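The values are calculated or read from the model by the stated rules, or taken from the named source; none is laboratory data. Just so we're clear, the structure is a prediction, and the values are computed from it rather than from any experiment. Ideal geometry is used to build each Cβ from the backbone, glycine not excepted, and the neighbour counts take in all protein chains shown. In case anyone asks, the SASA skips ligands and DNA or RNA and just uses the protein heavy atoms, side chains included. Shrake-Rupley method; radii C 1.70, N 1.55, O 1.52, S 1.80 Å.
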Amino acid sequence: VQLQAYGGGLVQAEGSLRLSCAASGRTFSTYGMGWFRQAPGKEREFVAGIGRSGGSTYYTDSVKGRFTISRDNAKNTVNLQMNSLKPEDTAVYYCAADKASYPGGTPSEWDYWGQGTQVTVSS
């Protein structure tokens, strides 16, 4: 599966952004999907994940209540709605896919990656 993430940009604190990731292929619904982020000088970290059907979602504690992950299997897309953004959310955001519905919270557990999209939150 090939992944293409888009939707990043510059936003003020407390603002919102919506990231999307388009996947190629006809088997999108067989992959668990996720979003990770990497800030300068830091390791890539898990942000959110969603199971194959969209019925299960997972979030890192720092984004719970602010970010929402969703997927549209008919359109081969996964989205990350980010509200109440904070400067510490600034990072390059990556979408990821794996045959497991939820392989885990570490990057090494995910098999497929898209290119990143920059999110910058100004204070």
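Key figures for this structure:
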| quantity | calculated |
| --- | --- |
| Counted residues, segment 18-58 - those being polar (S, T, N, Q) and within 11 Å of the chain's Cα centre (by Cα) | 1 |
| Which numbered condition residue 108 fails, given (1) hydroxyl-bearing (Ser, Thr, Tyr); (2) touching a residue at least 12 places away in the same chain (Cβ under 8 Å); (3) open to solvent by 50 Å² or more (accessible area, probe 1.4 Å) | (2) |
| Residue, most open to solvent (accessible area, probe 1.4 Å), within segment 4-17, restricted to residues that are more than 17 Å from residue 48 (Cβ to Cβ), of a type outside the set (S, T, N, Q) and in contact with a strand residue (DSSP E or B) (Cβ under 8 Å, 6 or more places away or on another chain) | 10 |
| Residue ID - most open to solvent (accessible area, probe 1.4 Å), chosen from residues in segment 75-87 that are without any contact (Cβ under 8 Å) to a residue 60 or more places away in the chain and closer than 16 Å to residue 48 by Cα | 77 |
| Yes/no for residue 44 being free of Cβ contacts under 8 Å to residues at least 24 places away in the same chain and in contact with a helix residue (DSSP H, G or I) (Cβ under 9 Å, 6 or more places away or on another chain) | no |
| Residue in segment 50-64 that is acidic (Asp, Glu) and assigned to a strand (DSSP E or B) present | no |
| Search result, residues across segment 65-74 that are assigned to a strand (DSSP E or B) and either in contact with a Ser or Thr (Cβ under 8 Å, 6 or more places away or on another chain) or surrounded by fewer than 20 Cβ atoms within 10 Å (Cβ to Cβ) (or both) | 68, 69, 70, 71, 72 |
| Subset of segment 94-123 (residues that are assigned to a strand (DSSP E or B) and in contact with a Gly (Cβ under 6 Å, 6 or more places away or on another chain)) | 94, 95, 96, 98, 117, 118, 119 |
| Leading residue by the ranking (nearest to residue 82 (Cα to Cα)) among those in segment 18-53 that are in contact with a strand residue (DSSP E or B) (Cβ under 7 Å, 6 or more places away or on another chain) and open to solvent by 30 Å² or more (accessible area, probe 1.4 Å) | 18 |
